[in-house]
Amino acid sequence: MDANQTFTGTSGMDHNDAPPSYTTNTLTQNDSNSSNSPFTARGNNEMDVTYSHQQDQVAAQDTMDFENGNNDSNNANDMDAMLDDQELYPIAILVDELKNDDVQLRLNAIRNLGTIAMALGPQRTRDELIPFLNDSIDDEDEILLAVAEELGNFTEFVGGPEFAHTLLRPLENLSAVEEILVREKAVESISKIITVFNDDQVEHHLLPLLTRLTNGEWFTSRTSATGLFSSVCEKCNAGRKAELQSLFIQLIQDDTPMVRRAAAKALGNFAKKLDKTDYLSNLLPFFIKLTKDDQDTVRLLTVEDLLQATTILTIEESKQHLLPSLKSLGQDNSWRVRFMVATHFAELCEAFGVSVTREELVDLFVALIKDSEGEVKVMTIGQAPAFAKIIDETTVVDKLLPCIKDLVIDTNQNVRAAVAANISGLSPILGKDMTIEYLLPLFLQLLRDDFPDVRLNIISKMESVNQVIGVDRLSLSLLPAIVELAEDKQWRVRLAIIEYIPFLASQLGVAFFDERLLHLCISWLGDTVFSIRDAATTNLKQLVEIFGCNWANSTVIPQVKAMARNENYLYRMTTLFALSTMSVSLSPEVIRDSILPTVLELADDPIPNVRFNVAKSLQVITPLLRNDPATENLALSQVKPALEKMNDDADMDVRWFAEKALLTV
């Protein structure tokens, strides 16, 4: 390729983000002394014209060389030029797309920055590409987000760790933009890059960067600075850590609430990187100041800082320095702050230890569970089982259960639903006798609640109660309510009861089940909601697996077969669903004697939907018959003729399913 041959990029952008030095240069290939840049403002078609013109020049030169008898040697050189040209042309396209008007094209080019950097080499990437990106931050947020992400993986393209600091300048600019997602990604990329920094880079590039961000004029740069302290601290010695603490304290006291909020969010991770002495003497006073900030959005973030601070301090030190702040936050005027305390209450109790929890935190928990805001009560209720494990049994009975009893009749239905979802977790803690005495009456009350989610939650958690008090006592106390819920007007409640039936059946035994629950299982097959009918068929299959084929043949199957003569076609379809679903768990003899005749009888049903479901049922039953020598002949003698008849049915759906079922015969 000719030394003066150039590839140029198109400037379609109206952002005016390219400085003058990037509007006059061209990318010169194979010219080691060139300092020209590829990031040039050129016409949209100039690259294509230049490339085509170069091809014409090569072709013309071929003709001249051939005429002069120099074709062999010169053609080889021209071929090399053409190959170089073809390899570099896609790179030039990417360079061109970096400045295209189309956002998607620019985004595509950004995603391929690594390819461009590899083509340019480390030196030109540092000298040309990085400055170009640094001066091109006036773009769409989507583009800037992609740039921030790509630069985090750019260390190898600028020459390795030795030159990684050259990436800080564009990332610093991105850390100060308005869009928070871009800033967060830029901070993440900086944190990733600085892991390879040496002491000199930390001293001359990283710390000055952090200082500039901390002292930035706009709050955006100061908020970004807070996210870097934890990562920077890992690269610093004791002297530098003292400087970092001073800078962080400056941010904690910033006039802008957004900066203080960001500082509160970052304080916990930064504190864990410091010595205990430094934290107690330098940061703790300002942490306490944050817990009393006039903005509740700042105060609520200090709850997580407090939790992380307990990992630095001993239990006694936590009690002395942090417990007063925790109590203050738990009684804060803002419900959002109290909600955050409730969210982490069990973790806080574990951090402070059993002794402090029993002596100091019981009253705080009771205050939160009685809070005036429903959201706080709901969150606190969720912490009750874990909290009950830490405190003693007497305290649970004397302090916690009276609160639970009041919440069962709370006017807020979401609070009652939360009680229903968590109250069963107290059973293993209280034991059998106390569960029967204190919790069973509450279970019954919740089972009769007007709000369906309350009933649903208590039913779904019943198994843990059964493990404590036994199914006999549970069935005697709760079975009437469960039977009542089996006909609940909310279908999701009925569905929850159906899913619970196999468990009850396995515990109650055949006699009790047949007397009290069998009629419910059959009645669900005629439910108006398909999901209930479908679940009922699955329920019957599970019951067959529990009680056996003989029980099914004598008890369930006759009642299901009776539905095949119902005038409503939906009942007849449900019969097919139930029989085909149960057949998987039945013996081939039962299928032959009880299932197959009923299915074949419905093959002549006047409703096409019933007929094609016959075909679907036969598709399930046929392999089961063929697997047993005593019944395998039925596939040819009875099933196949029925399917062949349906294969000529007037309804196309019936024919389609019949043809599909014939493949199993």
Review point. Using 1/(1 + (r/R0)^6) with R0 = 60 angstrom and r between the beta carbons of D296 and F512, what's the FRET efficiency to the nearest 0.05?
Key: 0.60
Study note, to complete from the structure: Checking region 418-520 for trypsin sites (Lys or Arg not before Pro) in a loop per DSSP with at most 15 other beta-carbon atoms within 10 Å yields R448, K489
Study note, to complete from the structure: Unit-weight point scatterers at every alpha-carbon of region 326-473, Debye formula, q = 0.09, 0.10, 0.13, 0.15 1/Å: log10 I(q)/I(0) is -0.26, -0.32, -0.55, -0.73
Check your understanding: Among K241/K319; K319/K405; K289/K327; K541/K561; K235/K276; K276/K389, which pairs are too far apart, with a Cα-Cα distance over 21 Å?
Key -> K241/K319; K319/K405; K276/K389
**Study point:** Base-10 log of normalised Debye intensity for region 490-547 (one unit scatterer per alpha-carbon) at q = 0.22 Å⁻¹
**Key:** -0.80
Review point. Where does each of 603-610, 323-330, 578-585 land if you order them by average Cβ count within 10 Å, highest first?
Key: 578-585, 323-330, 603-610
Point to revise | Counted charge near A242, where neighbours are those whose Cβ lies closer than 14 Å (Asp, Glu -1; Lys, Arg +1) | key: 0
Exercise for review: Note down the nm distance, to one decimal, between modelled labels 7 Å out along Cα→Cβ at T115 and at V103.
Suggested key: 2.2
Study note, to complete from the structure: Dividing the surface of the Cα convex hull of region 205-319 by four yields a projected area in nm² of 6.6
Exercise for review: Given the peptides 646-652, 140-146, arrange them by the average over their residues of other C-beta atoms within 10 Å, most packed first.
Suggested key: 140-146, 646-652
Point to revise | Separation in nanometres of the label points that stand 7 Å from Cα toward Cβ, at S554 and Q490 | key: 4.0
Exercise for review: Quote to one decimal, in nm, the extra length available between S460 and D392 on full extension: 0.36 nm per residue of separation minus the C-alpha distance between them.
Suggested key: 21.7 nm
Exercise for review: Highest first, please rank the peptides 617-629, 335-347 by the mean number of other Cβ atoms sitting within 10 Å of their residues.
Suggested key: 335-347, 617-629
Check your understanding: If you take the beta carbon distance between D255 and K399 as r and set R0 to 41 Å, what does 1/(1 + (r/R0)^6) give as a FRET efficiency, to the nearest 0.05?
Key -> 0.40
Point to revise | Once the Cα gyration tensor of region 161-245 is diagonalised, semi-axes √(5λ) in Å | key: 20, 15, 10
Practice item. Would you mind getting me the FRET efficiency between T528 and Q320? Use the beta-carbon distance for r and R0 = 60 Å, nearest 0.05. Key: 0.40
**Study point:** Residue-count net charge about A117 - beta-carbon cut-off 11 Å; Lys, Arg +1, Asp, Glu -1
**Key:** -1
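Computed from the coordinates by the stated procedures, all read-outs in this text should not be read as laboratory data. Quick caveat, the model's predicted, so the values are computed rather than measured. Glycine gets a Cβ as well: all are built from the backbone with ideal geometry, and neighbour counts include every protein chain shown.
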